[in-house]
Each structure stands twice: as C-alpha cells, then as structure tokens.
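Contents: one structure, followed by commentary.
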Amino acid sequence: MPVRPRKDGWTPARQAAFLGALAQGRSVEAAARRVGLSRESAYRLRTKPGAGSFAAAWDKVTGKPPVKRKVTPEERAVRARFGLLKVRMYGGRHVATELKPDNRALLSFLAQLDRAGGSDGPGA
C-alpha cells in the first residue's frame, strides 16, 4: 500500500521537491534540509514498504542503474486517481514540480476493473 502522507511530513510535493534538490546538489542532507525535513527521515521513507517509487526516483536522480520493479495494483490505483508528480529541471536547477496525469495507469486500472467485473464487452 502506498505510504500515506502526513501534513507535516513527506507529502508527494515535498518528495518531488526533495528529488529535485537532490538532482541539483547530490547531497541528501542539503536536499532534506531544503524541504524542511531530516536526512534520517529521508532514508527511513526510502526503505518503507509502499515507497518503492520514491526509492526508484531517488536512484534515478543520483545516477544509480535502475532496478526493475513491478507496480502494485494499489500503486496503480493511486496513480490513476491522483497522477504523478514530475520534477522540472532547467539549467541543472529544480524550477518546478507539476502534477501529470498517468493515463497508462488509468487505462490499466480500468481494464483490471473490467476483468474483475466479468464484463463481456460493450453492451453486454
């Protein structure tokens, strides 16, 4: 199950800002400080069950080779409903974080619901 954000903790927007700052400066401590949280809490979040996409994004911005991981049905449902946060960089600096719809997750989630409902197709 995806990690539920706390208002004073690692919200999705704070995670994206942290990743942008990490990509910009490569320092976990500085990136965490920039979003008002601690280095230790960043590492704790990275290892929590349900925070796999955060860990994968962390690896990507630090240049670590990607590890293949399967998106869980719960994560797909969250992505379908809320979309993804996209970190925008310009000139090596974090300039924005945008919410981007995840149409692939939405279509996949709808197909999963359709199969579970036993529908034989349109007009059935």
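Rounded to the nearest 500, what is the 222 nm mean residue ellipticity of the chain from helices alone, with -39500 (n - 2.57) per DSSP H run of 4+ residues and division by all residues? It lands at -16000 deg cm²/dmol.
The length gained by stretching the chain between Ala56 and Lys86 to full extension, at 0.36 nm per residue less their Cα-Cα distance, is 9.4 nm. Counting charges near Glu98 (Lys, Arg +1; Asp, Glu -1) among other residues having Cβ under 11 Å from its Cβ returns a value of +3. Taken over the chain, the convex hull of the Cα atoms encloses 124 Å³ per residue.
The string of couplings for region 52-63 from the Karplus curve (6.51, -1.76, 1.60, θ = phi - 60°) is x, 5, 5, 5, 5, 5, 4, 4, 5, 6, 9, x Hz, one whole number per residue in order, with x for Gly and Pro. Seen from Trp58, the other residues with C-beta closer than 10 Å to its C-beta sum to a net charge of +2, counting Lys and Arg as +1 and Asp and Glu as -1.
Amide H to amide H distances under 5 Å link Leu85 with Lys100, where only residues 5 or more positions off or on other chains count and H is placed in the peptide plane. With θ taken as phi - 60° and the Karplus curve 6.51 cos²θ - 1.76 cosθ + 1.60 applied, the whole-hertz 3J(HN,Hα) list for region 68-75 is 5, 9, 8, 7, 6, x, 5, 5 Hz, x standing for glycine and proline. Distance between the pseudo-spin-label points of Tyr43 and Val67 (7 Å out from Cα toward the beta carbon): 1.6 nm.
Throughout, read-outs are computed from the coordinates displayed, never taken from laboratory work. Since the model is a prediction, treat every value here as computed from it, not as a measurement. Note that we place each Cβ from the backbone using ideal geometry, even for glycine, and neighbour counts take in every protein chain shown.
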